[in-house]
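*Asks:* Shown below is the structure under consideration.
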Amino acid sequence: MKIKLLVVACCFLMGIKSFAQVNTFYVKPHVIDTAYVAAQDSHYVALSSSVISNNLLLVFIDGSGSNTKDYTFFPKLAASLGYHVVSIAYPNSPTVGSLCDASSDSLCFDNVRQEICYGTPVSNNVSVDTLNSINTRLVKLLQYLTTTYPANGWGQFLSGNNVVWSNIVTSGHSQGSGHAMYFGKTQAVHRVIMFSGVDDYSIHFNKSAHWLFNPSITPIGSIYSFLHLQDDVETYPHEFKNVQALGLLSNGDDSTSVDNKSTPYNNSHCLYTNITPPHSTIPSAYHDATVVDYFTPVNGTQLLYNPVWTYMLTALNPTSINQIETSFNSTKVYPNPATDEIFILFDKQPINKLFATNLLGQSIVNESDIINQSNNLFKINVKNIPAGVYFINNGNSFSKFIKQ
């Protein structure tokens, strides 16, 4: 979900370092096919004229209530790395959460995703025909680009009227991250990159959406997620459970903070940040900070998340995701998420003392709640602390756990 901005600060956008030789333009769906309503958002297209193509297409899918113009930094970066890039304009309101969070239909999320992505008439909550589905809009855009710009290689991503999914990277923000992952579940795509999502968590059932548990045709090692610890739309603990449901943490919690770290971020596929975004008083700022232009943190003229985005776009030979953060790579924290107590096991060195803190660095348990079981095993009583995200710190390094 995204709150659409009416005004974008020109001075802010002009201050960002440009992506050299990336050509961008917009295409109205109505120009491609007059069956589309004329007054609609435009598809966004980006392609570099100065780098060798990697023969991959990035398909970016935006969040609820947003426009493709709200997301240009990430697509331009992808184009500068050799990607062909399209950002698809599609019916993105209302939010999927508003339709399904409280629904007693256990397949609500499944059916809404299916209908928006493919136009299959399976949902009672949305009405998206085949023409207006993301899949058809993508096919028609690629056909238009192939015909209009025959020398630019767009045709390699089509086989007749079908997308060549093996050459596609699906990516999206918020609602769009769910659609990107849904395509990854149902097609063998090259890679999935999710920002602030997937958000499909049922409040009614207190459980991740049914479809997240389904087997994924795209290998788990080709799926990446980037979340914000202070997400103000869908809570991080819910998003963490969704990541678990997808199977990204089946071999252990390898989720890794990107703050003050450098690529390759422990080769993690589950990345997170806790950086305060610009314009943080605007609703959804933290949710949008992972990829929306206006809320992307900057340092001078540098986009702070450029290295993170580059890693997710270019990481080679996706590894099995069974690592803990490097600083705690010999440590196990379990169960995670936790309800009453957690155990912290150090495989190598004995540890004398631990601290448990919240996001602000404040201690959240008494010393009496931290029990030294042995030289390298601790138990901490977390029963009385509020649900949320917390850190275990031994003075030199830290790891993360979730209280539910």
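Computed from the coordinates by the stated procedures, all read-outs in this text should not be read as laboratory data. From a predicted model like this one, the values you see are computed outputs, not experimental measurements. Positions of Cβ are backbone-derived with ideal geometry, glycine not excepted, and every protein chain shown enters the neighbour counts.
*Asks:* Explain nothing, just compute: Karplus ³J(HN,Hα) = 6.51 cos²θ - 1.76 cosθ + 1.60, θ = phi - 60°, for every residue of the range 256-268 in order, whole Hz, x for Gly and Pro.
*Replies:* Listing the rounded values in order: 9, 6, 8, 5, 6, 10, 10, 4, x, 6, 6, 6, 6 Hz.
*Asks:* Let me ask another. If amide H atoms are built 1.01 Å from N in the plane of the peptide, which residues on other chains or at least 5 residues away come under 5 Å of the amide H of I193?
*Replies:* Answer set, sorted by chain and number: T170, S171, G172, Y224.
*Asks:* Using alpha-carbon positions, what is the distance between the centroids of the range 150-189 and the range 38-101, in Å?
*Replies:* Using only Cα atoms, the two centres lie 11 Å from each other.
*Asks:* Calculate for the chain the 222 nm mean residue ellipticity that helices alone would give, adding -39,500 (n - 2.57) per DSSP H run of length 4 or more and normalising by residue count, nearest 500 deg cm²/dmol.
*Replies:* -6000 deg cm²/dmol
*Asks:* Provide the gained length on full extension for the span S104 to Q404, in nm with one decimal, where the gain is 0.36 nm per separating residue minus the Cα-Cα distance.
*Replies:* 105.8 nm is the gain from fully extending S104 to Q404.
*Asks:* Please state the relative contact order of the range 58-172 as a whole percent: Cα pairs under 8 Å, 6+ residues apart?
*Replies:* Details: 146 pairs, mean separation 28.7, N = 115.
After rounding, I find 25 percent.
*Asks:* Which residue, F60, F157, F378, has the most motion in a Gaussian network model of the chain that connects Cα atoms within less than 10 Å?
*Replies:* Among F60, F157, F378, the largest GNM mean-square fluctuation belongs to F378.
*Asks:* For the range 379-388, in order, what is each residue's ³J(HN,Hα) by Karplus, 6.51 cos²θ - 1.76 cosθ + 1.60 with θ = phi - 60°, in whole Hz (x at glycine and Pro)?
*Replies:* 10, 10, 7, 10, 4, 9, 8, x, 4, x
*Asks:* Related question: If Lys and Arg each add +1 and Asp and Glu each add -1, what is the summed charge of the other residues whose beta carbon sits under 12 Å from the beta carbon of P277?
*Replies:* Surrounding charge for P277 is -4.
*Asks:* Just the number: Rg to Rh for the chain, Cα atoms, Kirkwood Rh, two decimals.
*Replies:* 0.98
*Asks:* In the Gaussian network model of the chain, springs joining C-alpha atoms below 10 Å, which of V37, V308, V389 carries the largest mean-square fluctuation?
*Replies:* Greatest mean-square fluctuation among the candidates belongs to V37.
*Asks:* Quick one: of the DSSP bridges fully inside the range 76-222, what percent are antiparallel, nearest 5?
*Replies:* Percent antiparallel among DSSP bridges in the range 76-222 is about 45.
*Asks:* Rounded to the nearest 5, what is the percent of antiparallel bridges among the DSSP beta bridges in the chain?
*Replies:* If we restrict to bridges inside the chain, about 60 percent are antiparallel.
*Asks:* As I understand it, the value is the acute angle between the Cα axis of helix 175-186 and the longest principal axis of the Cα atoms of the chain; what does it come to in degrees, rounded to 10?
*Replies:* Result, in degrees: 90.
*Asks:* When only C-alpha pairs under 8 Å and at least 6 residues apart count, what is the relative contact order of the range 52-104, in percent?
*Replies:* 46
*Asks:* Here's another thing I want to ask about it. Give me the percent relative contact order of the chain, please, defined on Cα pairs under 8 angstrom at least 6 residues apart.
*Replies:* Relative contact order, the chain: 12 percent.
*Asks:* What angle do you read, to the nearest 10 degrees and between 0 and 90, between the alpha-carbon axis of helix 236-246 and the longest principal axis of the chain?
*Replies:* The angle comes out at about 70 degrees.
*Asks:* Something else: Mind ordering 92-98, 40-46 by average Cβ neighbours within 10 Å, highest first?
*Replies:* Packing order, densest peptide first, comes out as 40-46, 92-98.
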